[in-house]
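Derivation of every value follows stated rules applied to the coordinates shown; laboratory data play no part. The structure displayed is predicted, hence computed values, not measured ones. Note: ideal-geometry Cβ built from the backbone for every residue, glycine included; neighbour counts use all protein chains shown.
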Amino acid sequence: MEKIMVMGAGALGSLFGGLVANAGYDVTLVAREWHVAAIRKHGLRISGLTEITVDVKAVTSPEAAEPPDIVFFTVKSYDTETAAKQLKPCIHEETAVVSLQNGLGNEERLSEILGAEHVLGGVTSYGALLKEPGHVAHTGVGDTFIGELDGEISKRALRICEILNDGGIKAEAVADVRKKIWEKLIVNAAINPITAIARVRNEGLLHGELRWLMEATAREAASVARCAGVNIDVEAAVKKAVEVATKTGKNESSMLQDIKRGKRTEIDAISGEIVRLAEKFGMEAPINKTLHALVKNMKYQA
């Protein structure tokens, strides 16, 4: 049986790792010390849409675990380089590393450090919230897509999806994972920064000026994607952003939560990457550039 590691087991990583471990797989979570201590003492509790307590291995460093065959890489985008360097000595020749992170550029950074042959892209719309040490809430069900960066439907991508599906996580191997990553990025770019700046739940974007701003942000981001060679339907992307904001109306975006908790945001990997690519292709992206600048200069406090 494959040895599976979750690198950066916060909310999402703990949910995925816990569900896969509950299905009988050999899983090790790499997480913060306070989270590890609680899991070792009481097991990992998952509440909400799933109600289980899982006995799963947890360590504070990848070096403390056996070399993994599959790694679900779920660290914050700004910690990608540091975590990848910690992971590098612990993987073997056949290890597959699946990024399930927010934003753009994570797979490229992982490839530079670990070697492109190890890295797969991934995207998920499952929702999770870390309630307290050792306890994660399962808050949303969606789709998960895994794929090789060269577009191949590989045996390892299919196997990774099989493992996730065994854990009750709806997953599919796809040839166009880069497009899936962009589709999620556009939604995040249209919702997260605006909710963080305006201090509103997602439903606050559905009316008036904020509705216009959300749609305009998505339209601009989708236009950048097309210039980057990604076959995105611009108006369909706008519609998707509205659909997600509606479906998750009572939720606070992760970026709003980060701002309120005094934590660093992932704005550079979301709006910042859109602006960087726009400039690379000689485009203007004034809306995303403005949102990026505003969030970058917000004080990380409620």
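Observations
- Spin-label zone in region 230-245 - amide nitrogen under 18 Å from a point set 7 Å from the Cα of R201 along the C-beta vector: 242-245
- Degrees between helix 208-227 axis and first principal axis of the chain (Cα, 0 to 90, nearest 10): 70
- For region 142-186, the set of trypsin sites (Lys or Arg not before Pro) satisfying both a DSSP loop assignment and a count of at most 16 other C-beta atoms within 10 Å is given as K170.
- For region 104-113, putting each phi into the Karplus relation 6.51 cos²θ - 1.76 cosθ + 1.60 with θ = phi - 60° gives couplings of 10, x, 5, 5, 5, 5, 4, 4, 4, 8 Hz, in residue order, rounded to whole numbers and with x for Gly and Pro.
- Vicinal HN-Hα couplings computed from phi for region 238-254 (Karplus, 6.51 cos²θ - 1.76 cosθ + 1.60; Hz; Gly/Pro x): 5, 4, 5, 4, 5, 4, 5, 4, 6, 5, 10, x, 7, 7, 8, 4, 4
- Prolate/oblate/rounded label for region 19-79 (Cα gyration tensor, a/c 1.5): rounded
- Computed from the C-alpha gyration tensor, the three semi-axes of the ellipsoid equivalent to region 179-296 are 21, 16, 12 Å, from longest to shortest.
- Helix axis angle, 33-42 relative to the chain longest principal axis, alpha carbon, degrees: 50
- Checking every one of the trypsin sites (Lys or Arg not before Pro) in region 1-109 against DSSP loop status and a limit of 16 other Cβ atoms within 10 Å picks out R32.
- Selection from G48, C90, I163, by position along the positive dipole direction of the chain (Cβ): G48
- Percent RCO, i.e. relative contact order, over the chain, from Cα pairs under 8 Å lying at least 6 residues apart: 15
- Once divided by 2.2 N^0.38 Å, the Cα radius of gyration of region 113-176 becomes 1.28.
- Ratio Rg/Rh [Cα only; Rh per Kirkwood] for region 3-175: 0.93
- Between the residues I191, V238, T144, the greatest Cα displacement towards the positive end of the dipole of the chain, with unit charges on the Cβ of Lys, Arg, Asp and Glu, is found for I191.
- Loop GluC sites (Glu not before Pro), region 24-63 (other Cβ atoms within 10 Å of the site Cβ: 10 or fewer; DSSP): E51
- Counting only Cβ charges, +1 for Lys and Arg and -1 for Asp and Glu, the dipole size of the chain around its Cα centre is about 1160 debye.
- The relative contact order of region 179-296, computed from alpha carbon pairs under 8 Å that lie at least 6 residues apart in sequence, is 35 percent.
- Amide H contacts of A173 (H built 1.01 Å from N, under 5 Å, at least 5 apart or other chain): I146
- Distances between placed amide hydrogens fall under 5 Å for V6 paired with T28, L29, V30, F72, all partners being 5 or more residues away or on another chain.
- Table column - 3J(HN,Hα) (Hz), region 51-64, Karplus curve with 6.51, -1.76, 1.60, x for Gly and Pro: 10, 8, 10, 10, 8, 10, 5, 9, 9, 9, 9, x, 5, 7
- Exposed-site-free run, longest, the chain (rule: chymotrypsin sites (Phe, Trp or Tyr not before Pro); DSSP loop; at most 16 other C-beta within 10 Å): 1-280
- Less than 5 angstrom separates the built amide H of A96 from those of I70, V71, all sequence-distant by 5 or more or on a different chain.
- Sites V141 and K88 - FRET efficiency at Förster radius 35 Å, r taken between beta-carbons, to 0.05: 0.55
- GNM top mover of T248, T144, T80 - the chain, alpha-carbon springs below 10 Å: T248
- Rg/Rh for region 204-251, where both radii come from Cα atoms and Rh is the Kirkwood radius: 1.03
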